[in-house]
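Inspection log for the structure reproduced underneath, given as structure tokens.
The values are calculated or read from the model by the stated rules, or taken from the named source; none is laboratory data. Just so it is clear, the structure is predicted and the values come from calculations on it, not from any experiment. Here the Cβ is made from the backbone with ideal geometry for all residues, glycine too, and neighbour counts use every protein chain on show.
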Amino acid sequence: MSSITQNTVNALSLLASGLSESKQHRRLLKIYVDGLPDDTFIVNTAVLHEQMSKPFQFKIDLYSEKKHQLDAPDMLGVKVVIVLEEDGEIPRYFHGHISSFASPQRTTQLNKTQYKMVISPWLYMYDQVEDCRIFQNATVVDVIKQLFKDIGVAEYDISAITDKHHSREYWVQYNESTVQFFNRICQAEGIGYYYTHTKTKHTLKLIDNHLQFKNLKGHNPLKIQPKTAAHLHLTDWSMTKKFVVSNKRQTSYNPLTPKQIPTVSATSKGDINTSAIADVLESYNYSEYFNSIEEGREATTRDNKQSYAHFAVWQGAGDYIHLTPGCNFRVTHVPADVVLDDANQDFTLLSTTLHVDQLKHSISVTFSAAPLGVLITPVGVTPTISGLQTAVVTGDAKIGTPYTVDSEKLGRVKVQFHWDREGKRDANTTCWLRVMNPMAGPRHGAHFTPRIGQEVVVAFENGNPDYPFILGALYNGENKPPFIEDHGFRSGFRTASIDAGKDAANATKYNELSFYDKKGQEEIRLRAEKDFNATIQGNKTQHIMQNDSQTIDQNLDMTVGQNLDMAIGDNLSIKAGSSIALEASQSISIKVGGSSIEISSSGINIKSSQISINGAVVNIGSVVNLG
């Protein structure tokens with residue numbers, strides 16, 4: 001926080017030395033600004049407003065008795081403590097930081113310089129500090145701790161968070177201020193907060209169970225004594241009830257267990273005295289924020305409690321200076337004309353507004369309260385990403401080189417968004433993102449896994465930043481299309497061999513199925529970088545309208561289970577560089593017209609109208625029968 005410049009301090013020290021009867025210790029309400037002399041300011045009036053799960057706001061009208069100039073930039077963010085002290089009462093402290101400081105106005109009366117000041121909590125200062133960041137595998141308490149650690153704040157207390165809060169895989173702060181994100185995650189987890197004050201600091205108290213509220217100190221129970229001048233009493237007390245639907249039902253979806261649709265319900269019937277119609281109506285909605293029946297039951301019960309938190313609200317007025325949100329109290333001396341349910345004579349303070357007028361030496365307070373057991377959480381709004389975004393696929397760097405795949409059993413991958421300034425482009429950048437494919441069935445469908453380094457298009461379920469999934473991939477200046485040299489005539493699929501080093505980027509080692517569609521040159525190209533395996537469960541029919549050319553650099557092995565029939569329209573030519581071997585277990589027949597040669601295990605039968613044997617030497621090694 002900022003501090004007063006030394007020149008200003010020196011000047012004000014001299015001014016303060018000349019003050020006489022306006023010393024603050026004579027005042028009902030005193031104000032002390034960090035770095036300034038104690039009697040720099042005198043308070044005229046103050047409106048001190050505090051509210052459960054909202055930042056407090058203290059509006060102060062004050063003056064200085066000497067003419068001087070205080071620069072607003074020097075005052076903003078400076079610590080301030082206000083002391084309210086009545087005769088016989090324990091002093092009450094209000095601590096905060098200056099969030100607004102009005103330019104001085106001179107008055108003719110007593111030559112005073114008038115100022116206006118607004119004091120807010122330290123958290124308020126971060127309501128304009130927006131960020132985009134990701135928290136992973138953390139509970140809401142873990143996120144809050146990290147959030148406040150990163151902004152260097154320790155004045156908070158989580159000891160009253162006693163309920164179980166499940167760890168979430170993924171939390172996203174997206175274009176939200178620190179305050180907006182904090183309020184949203186607190187609301188989602190049923191956590192409220194209020195502030196406590198001392199001379200030197202104010203502390204943010206977080207709470208998730210109404211049983212952790214403390215009883216009001218001092219004058220408790222409070223007395224209702226309207227139309228009297230009694231000290232320390234309530235002059236006004238009234239109640240307002242609103243229509244609230246008693247029943248709530250929610251459902252969700254978990255892609256890891258798609259057949260188990262968690263649907264849960266909660267009711268407030270019996271907890272509050274709602275109307276008959278409210279008890280039969282039901283509010284039903286869809287939520288992304290739970291994956292199991294247990295989580296859903298907790299979330300729905302929590303949401304239902306928030307719905308009826310404002311069902312019955314009491315408003316009161318009086319002069320108790322120690323009323324503060326987050327405290328329980330009881331009322332007594334209830335007049336006959338005051339409506340008060342016997343079951344609800346214990347209350348929790350929701351908001352208080354103290355009005356202090358120094359000139360009139362008067363203090364009054366207005367407040368609101370709810371039945372004991374109500375916990376008000378902040379109002380949070382989940383940001384919506386209405387369009388698409390792109391991101392870069394990331395993964396475990398230990399797996400291999402760039403363009404390596406890092407996925408899990410559902411083919412999901414991780415990405416780093418362009419707005420994520422904390423990511424290291426590793427396996428810890430996001431949650432696992434599902435990948436959209438043209439078809440996805442049990443062990444069938446299309447499947448392409450985006451690879452590390454590729455740019456992908458990301459959509460968000462219901463626009464929720466916490467639930468991204470991948471629609472497809474995009475080429476860019478680094479990752480260029482594979483068929484660009486064909487001027488758009490070729491389309492298809494080309495993969496790059498994994499763990500191919502620099503060759504992967506150039507796709508010199510790849511599998512390919514592509515289509516060339518230029519008129520008169522149409523072509524389908526099929527390439528296997530290493531092996532090509534095809535299995536046909538039934539029949540294969542192939543009709544080649546012109547020529548079939550096949551080149552095999554090494555060997556051709558063919559196994560036919562039964563018959564091989566080949567019909568050739570004209571000629572068959574077989575040429576071997578070394579030898580040709582034909583082998584049959586029974587016989588081999590060669591036939592041309594009426595002539596034939598049949599070779600069998602019993603002999604060779606040559607049949608023809610004329611047989612010629614020409615040779616320089618003819619050796620016949622056995623008996624020859626001439627018939």
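Below are the figures for this structure:
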| item | result |
| --- | --- |
| Any hit, the stretch 430-437, residues being surrounded by fewer than 19 Cβ atoms within 10 Å (Cβ to Cβ) and part of a strand (DSSP E or B) | yes |
| Where a residue in the stretch 526-550 is among the small types (Gly, Ala, Ser) and its partner, wherever it lies, is at pLDDT below 95, with Cβ under 6 Å and at least six apart | Ala528/Asn511 |
| Test: residue in the stretch 134-143 that is touching a Gly at 6+ places or on another chain (Cβ under 8 Å), assigned to a strand (DSSP E or B) and under 26 Å from Glu461 (Cβ atoms) | yes |
| The stretch 251-269: number of residues that are part of a strand (DSSP E or B) and modelled with pLDDT under 80 | 5 |
| Of all residues making up the stretch 404-442, the number that are under 29 Å from Leu147 (Cβ atoms) and touching a Leu at 6+ places or on another chain (Cβ under 7 Å) | 5 |
| Condition met for Lys414 (among the basic types (Lys, Arg) and either under 26 Å from Lys259 (Cβ atoms) or not in a loop (DSSP other than H, G, I, E, B) (or both)) | yes |
| Residues of the stretch 291-303 that turn out to be of a type in the set (A, V, I, L, M, F, W, C) and closer than 12 Å to Gln260 by Cβ, as a count | 1 |
| Total residues in the stretch 481-520, condition in a loop (DSSP other than H, G, I, E, B), among the basic types (Lys, Arg) and at pLDDT below 90 | 1 |
| Check on Lys223, of a type in the set (Lys, Arg), within 21 Å of Glu89 (Cα to Cα), in contact (Cβ under 8 Å) with a residue 40 or more places away in the chain and not in a loop (DSSP other than H, G, I, E, B) | yes |
| In the stretch 270-294, residue modelled with the lowest pLDDT [restricted to those that are of a type in the set (Val, Ile, Thr) and assigned to a helix (DSSP H, G or I)] | Ile277 |
| Residue match in the stretch 295-313 (condition: touching a strand residue (DSSP E or B) at 6+ places or on another chain (Cβ under 9 Å), surrounded by fewer than 20 Cβ atoms within 10 Å (Cβ to Cβ), at pLDDT 80 or above and within 28 Å of Ala46 (Cβ to Cβ)) | yes |
| Residue within the stretch 484-496 that is closer than 30 Å to Gln454 by Cα and loosely packed, with under 10 Cβ neighbours inside 10 Å present | yes |
| Answer from His233, His210 - the residue that is at pLDDT 75 or above and under 22 Å from Lys164 (Cβ atoms) | His210 |
